[in-house]
Each structure stands twice: as structure tokens, then as C-alpha cells.
Amino acid sequence: MSSTVKTSDKAREIVTPMLIDLLEERKVVARFPFDGPAGVCLRNMDLDELTPRRFLGDTVVDFCLELIKDHFRIKKPKLAAEIHVFNSGLSSWLYDRQDMTERCSRLPRPQINVNLFKKKFLICPIRIDKHWSLFIVVRPSSMLAPDSPGMLAPQVIVLDGNVCPDAKPTVKKINDFLHQEAISLKLCPKQDLTYTVATTPMQEGMEDGGIYILQCILSFFKDAHRPPEIIDMSRVDLGKADRLLQRREDWRRLIEKRVIPDYNRFLVSKQGEVD
């Protein structure tokens, strides 16, 4: 009996710290937006991905995307209204193994109550395995118009800070998705997307892809007031000495010093309303 108790005590000594560590890394430290159904929850384990040499997963990228969208909704509301930013769930949806037509009927749409053809730009962050790329659809409404001389065609700008894989399969998936979207809105698609791979600065390591596309999106928002044909993505701001490491630190500092304290104050205020 005493031997069993001793074994149980030793197991508890080992397991308890492991459980505490597990609970701590899965603890939600922030949510943004703070309220409403679209909030993205950030855990300690997600925040740790902003340390050097770590690949960024979907959650931390989605969280930063929400911060970017909120910033430009406040600073440039007219421009923000012209741009639709997908979250990382679009990748999983596009690369589901089912046929696109079947997928559209079987899975929820990746956006809510948005007519994508009324937008000027669609920003699509795409992650395949651990590789992040950015696909920006320009003039999606042109897909609904017949091709004619002088008519600007719908186009995709592809941005990749590493060796860019063949973008054609992803562009085709986005094209098929938008065709199905048009049909679901009782519209008639008449043109397909073409694409161009933009000239951009190169990232230093494979693990920097998530940070890289966030910087591309920030630079695009700053440049999107220009006509689409002269938007220059070669001026993507990668930070101090063109090092993405600095941008990792910037994002982490922003979240730790501003977002998390603001979120905690929000929780306290909500609790006060209940009391």
C-alpha cells in the first residue's frame, strides 16, 4: 500500500508541473476584436511564435490581421471599406480535397455577408504547409464584365519573400472560388483571373514568411490609394536594416504592451457591468 502511495506521489510530482505548463501555454492572453463573433483568441503558445526563428501559424497571423484591419478602419475608413481581407482559413478552404462546386455547397463560405465583387481589392494570405504567400485580387468586379479593348482585366498580384512556388494552381483555385461566389449571387462570371508575381525584397529565412506577408499587407494598405497598375510593392517596408527580426519584436511589443493590457481592462469593465 505504502509503495503504491509513494509511486502515486512521484507521478503527481511529475505530472502536475506538466499540466500547469500545458494550461499556461494554452491560456488565452488576448482576444481581438475584444467583443463580437469575429474575435481571434491569442494564447501564450501563439504569442511565443513571435520569438526569433519560429514559424507563424494561422492564429497569430489572423490576430495581427485583425489589428491591421482595425487600424485602417480608423485611419483610412474609405480605403478600408474598399478592401476585403480574408483570414488564413481561406487556405484550408481552397485546398480542401473536394471539387470546388461540391465544396461551395458543403462548407461554410469563408466570408460573412460580403459581396466580394463590390470590393476594389481582395487580400488573400495563403499558407501551404509552412510556406506563406500573399495573393491580392485587383478589380474582382471585372470578372463580371466581358473582355473588351480598353477594359482593365481582373488580376492577381502574387507576393512571396522566398523562392516563389508555382502560383498558377492557387490563382486557379481563387478564380474558381470567385466564379462560384458570383453564381451564388446570381451573377454571371465572364472573365478569368490573370496574375503577375511582384518584385519585392527577399526575406532572410523560411520561418519569416508570416511576418513577411503582414508587412506586405501593411505596405499595400499604404499604397492602395494609387491606381492598381502603378502600385509598387518593391517598396515593402521590412523594418530596420531590412531585417524581419525587428518586425517580430515590433509585433510582440505591440501585443504585450498595448493589446493585452487593453484587453484586460475590457474584461474588468465587462465584469463591472455584470456586478
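Below, the figures for the structure above:
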quantity	calculated
Segment 176-202, subset farther than 16 Å from PRO125 by Cα and in a helix (DSSP H, G or I), residue modelled with the lowest pLDDT	SER184
Selection count where residues are at pLDDT below 75 and either closer than 17 Å to LEU67 by Cβ or buried (at least 16 other Cβ atoms within 10 Å of the Cβ) (or both), scope segment 236-270	6
Residue list for segment 123-132, restricted to those being part of a strand (DSSP E or B) and more than 10 Å from the chain's Cα centre (by Cα)	ILE128, HIS131
Near pairs, Cβ below 6 angstrom, 6+ apart or cross-chain, from segment 187-198 (in contact (Cβ under 8 Å) with a residue 12 or more places away in the chain) to any residue that is part of a strand (DSSP E or B)	LEU193/VAL156; THR194/GLN155; TYR195/VAL156; TYR195/VAL158; VAL197/VAL158; ALA198/ILE157; ALA198/LEU159
Filtered residues of segment 52-81 (kept if out of contact with any Gly (no Cβ under 9 Å at 6 or more places or on another chain), among the charged types (D, E, K, R) and without any contact (Cβ under 8 Å) to a residue 60 or more places away in the chain)	LYS69, ASP70, ARG73, LYS75, LYS78
ALA167 being farther than 30 Å from TRP251 by Cα and not charged (D, E, K, R)	no
Of all residues in segment 203-235 being acidic (Asp, Glu) and either under 13 Å from ILE157 (Cβ atoms) or in contact with a Leu (Cβ under 7 Å, 6 or more places away or on another chain) (or both), the one that is modelled with the highest pLDDT	ASP208
Residue selected from segment 133-162 under the condition small (Gly, Ala, Ser) and part of a loop (DSSP other than H, G, I, E, B), by the criterion surrounded by the most Cβ atoms within 10 Å (Cβ to Cβ)	GLY161
Hey, LYS173 at pLDDT 90 or above, under 19 Å from VAL85 (Cα atoms) and surrounded by fewer than 14 Cβ atoms within 10 Å (Cβ to Cβ) or not	no
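The values are calculated or read from the model by the stated rules, or taken from the named source; none is laboratory data. What you see is a predicted model, and the numbers here were worked out from it, not measured in a lab. Please note: Cβ atoms are built from the backbone with ideal geometry, for glycine as well, and neighbour counts cover all protein chains shown.
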